[in-house]
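The values are calculated or read from the model by the stated rules, or taken from the named source; none is laboratory data. Nothing here was measured: the structure is a model prediction, and the numbers come from that model. When we count neighbours, we look across all protein chains shown, and the Cβ atoms used for this are built from the backbone with ideal geometry, even at glycine.
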Amino acid sequence: MSPPAPTIAGTLWRPALGFAALALLPLVFREPFTLGMVTLSFIGAASSLAWNLSGGYAGQLSLGHAAFFGIGAYASTLLFLKAGISPLIGMWAGAAISAVSAAALGAITMRLKGSFFVMSTLAFGAVVHITAVNLRDVTGGSSGLAIPLQPSLGNLVFADKLAYAYVALGLVAAYYVLTRALAASKIGYALVAFRENDDAARALGIRTLPVRIGIFALSAAMISLCGTLHAQYFLYIDPDSVMSLNLSLNLALMAIVGGLGTAHGPIIGAMLVTAVSFAMQAYLGNQISGLTQIAYSGIVIAVLLAAPAGLGPALGRLVQRRLAWQR
Amino acid sequence: MATLKAEGLTKRFGGLTAVRDVGFEARPGEILSIIGPNGAGKTTVFNLLTGFLRPDEGSASLDGKPLAGLSPEARCEAGLVRTFQIVQPFKGLSVLDNVVMGAMLRAGSVKAARIVAHRVLEELDMLSLLDTPAGSLPIGDRKRLEMAKALATGPKVLLLDEVMGGLIPVEVKRMIAFIKGLRDRGLTVVVIEHHMSAVMQLSDQILVLQNGQPIATGTPAEISRNPVVLAAYLGPNFALAGEAAC
């Protein structure tokens, strides 16, 4: 596990290069199917970056973050459909609701240790999911909600799907910068101290609880914005697509595969996980049902056996070795 | 500068009384050693003082202010800091970052904390280890790191739990000199130690525990001649033999 980023300056060229490469992807993969893959991998990367702040840096694995994603999607969509409020405003309402509910949840459950905390987030995710299914009058239940296709910036609806890819990439960039800044601050250190050794942190006077609750709320708000973007991209939401346990697991998986508690890990993980799942659907999708999932989990296990700390750190070491070799 | 006072500290774990009626006063510029056989309750006393455990009876105060009800974090803020007998490094982090964690308590920013951490590591002669992951340090360096982390918080009272354990003689000698230096700076130092020669060289006062109870207090010279202490450490027959020889 790598220490918190020592300094921000001096290592900026590598991320800049990375983002330049990411910015080319939507132009290279212009086919609707592949553009969809790129866009969803960006939304996934932003979501996983949000998850990683709490799940990676503080090591508090949440399996309920889909609830906040869903709250974001439903808040902006409902405000738009029922009150005509632009999703550009509605998404902040969703973020606020997510942040407040995360703070309330965290204040209770963050006193729990290890797997007990994980279970509590799992329960929270399930409760929100079931509530969304059953509140038919408001959410439309399992039949979901459709957003009318009226392209305009105010509606956050675009005729050209390319726009979504770049909006999502903008979000990824913003979250990456935020993650780097937080990791290098006292907040980042406090989170890592808690993850590495709670008792040692307390003995050194580091109050991690308020920091962890605050970051959990921030992470929920951030992922909530991703939910709104997801809704605007598909123009349709239902509880299974924006609140399922599967989504929560995927967010965690992206960060774990890419490298927990690193700023670039969730991005690498999201690209890989999304690409693999799209490839599986394309080549195996219509064969035997369930084969996709089996192949998918096989790949994930292979990655984690080869690089237990995630692909991001493994790639980093490879690059460093190459550079050292050249010198 | 602060005086740490404990009165009547008692802690029971179910039917076992781990600590019974322990009291002492540790003053600035003095080193108080707590000694006793394994299982005497020494570390439990530290846990009670630092708020990791709550006493069933008794109380502790820092400069007259009661510590009851304060969390470990709050006690550290008040200037009371400990090291752990089983060292607790942040294993995945570098030596520097470990010490930065301690320095953050009184530093306004990570940058300021780094400066403090550098200074502390320099004092402990650890500057060559800055970037080494704490998890890969040998035990002697881990003990010094434990000390560095605690010092970086800017304590008034330092509780050291067996910082000599596992050190080679040269390291013990340096550690003794270092702890004396801290005392001379006006820190209040309480040490738990098994290394008897170190205890005798360091201590201004010694408190001896056996089965959770204080059995003797005094200066090193008094303690080394105390028959009750000799009996506790070496067995009653040995103590009697010692008396007979005198």
Count - residues of segment A:233-248 that are farther than 12 Å from A:Gly64 by Cα and surrounded by 24 or more Cβ atoms within 10 Å (Cβ to Cβ): 2
Those residues of segment A:141-200 which are without any contact (Cβ under 8 Å) to a residue 24 or more places away in the chain, of a type in the set (S, T, N, Q) and under 20 Å from B:Val110 (Cβ atoms), in sequence order: A:Ser185, A:Asn197
Some residue of segment B:26-33 being without any contact (Cβ under 8 Å) to a residue 40 or more places away in the chain and either part of a strand (DSSP E or B) or at positive phi (or both): no
Cβ-Cβ under 6 Å pairs, at least 6 apart or on other chains, segment A:227-242 side closer than 13 Å to A:His129 by Cα, far side buried (at least 24 other Cβ atoms within 10 Å of the Cβ) and aliphatic (A, V, I, L, M): A:Ile237/A:Ala73; A:Ile237/A:Ala231; A:Pro239/A:Ala132; A:Val242/A:Ala73
Candidate set: segment B:75-121, residues that are within 9 Å of chain A (Cβ to nearest Cβ), out of contact with any Pro (no Cβ under 8 Å at 6 or more places or on another chain) and among the polar types (S, T, N, Q); chosen: the one farthest from B:Leu49 (Cα to Cα): B:Ser109
Residue match in segment A:213-222 (condition: within 14 Å of chain B (Cβ to nearest Cβ), of a type in the set (A, V, I, L, M, F, W, C) and in contact with a Gly (Cβ under 6 Å, 6 or more places away or on another chain)): no
One residue from A:Leu40, A:Leu49, A:Leu53, A:Leu61 being under 20 Å from A:Ile223 (Cα atoms), surrounded by fewer than 24 Cβ atoms within 10 Å (Cβ to Cβ), among the aliphatic types (A, V, I, L, M) and modelled with pLDDT of 95 or more: A:Leu40
Condition broken by A:Leu251, with the remaining ones in (1) buried (at least 24 other Cβ atoms within 10 Å of the Cβ); (2) in contact with a Leu (Cβ under 8 Å, 6 or more places away or on another chain); (3) of a type in the set (A, V, I, L, M, F, W, C) satisfied: (2)
Qualifying residue in segment A:195-210 (condition: more than 10 Å from chain B (Cβ to nearest Cβ), under 20 Å from the mean Cα position of the chain (by Cα) and either surrounded by fewer than 22 Cβ atoms within 10 Å (Cβ to Cβ) or of a type in the set (A, V, I, L, M) (or both)): no
B:Ala112 being surrounded by fewer than 18 Cβ atoms within 10 Å (Cβ to Cβ) and farther than 30 Å from A:Thr262 by Cβ: no
Exclusive hit being assigned to a loop (DSSP other than H, G, I, E, B) and over 29 Å from B:Glu77 (Cα atoms), set B:Leu167, B:Leu230: B:Leu167
Any hit, segment A:255-265, residues being at positive phi and either aliphatic (A, V, I, L, M) or part of a helix (DSSP H, G or I) (or both): no
Enumeration of residues in segment A:127-162 that are surrounded by fewer than 18 Cβ atoms within 10 Å (Cβ to Cβ) and of a type in the set (A, V, I, L, M): A:Val127, A:Ile130, A:Val133, A:Leu135, A:Val138, A:Ala146, A:Leu149, A:Leu153, A:Ala159, A:Leu162
Unmet criterion (only one of (1) within 14 Å of chain B (Cβ to nearest Cβ); (2) crowded, with 19+ Cβ neighbours inside 10 Å) for A:Ser185: (2)
B:Arg20 being at the interface with chain A (Cβ under 9 Å from one of its Cβ atoms) and of a type in the set (Lys, Arg): no
Qualifying positions in segment B:115-131 - in contact with a helix residue (DSSP H, G or I) (Cβ under 6 Å, 6 or more places away or on another chain) and exposed (fewer than 14 other Cβ atoms within 10 Å of the Cβ): B:Leu127
Any pair with Cβ under 7 angstrom, 6 or more apart, that starts in segment B:93-120 at a residue that is farther than 18 Å from B:Glu146 by Cβ and ends at one that is at pLDDT below 95 and of a type in the set (D, E, K, R): B:Ser109/A:Lys186; B:Val110/A:Lys186
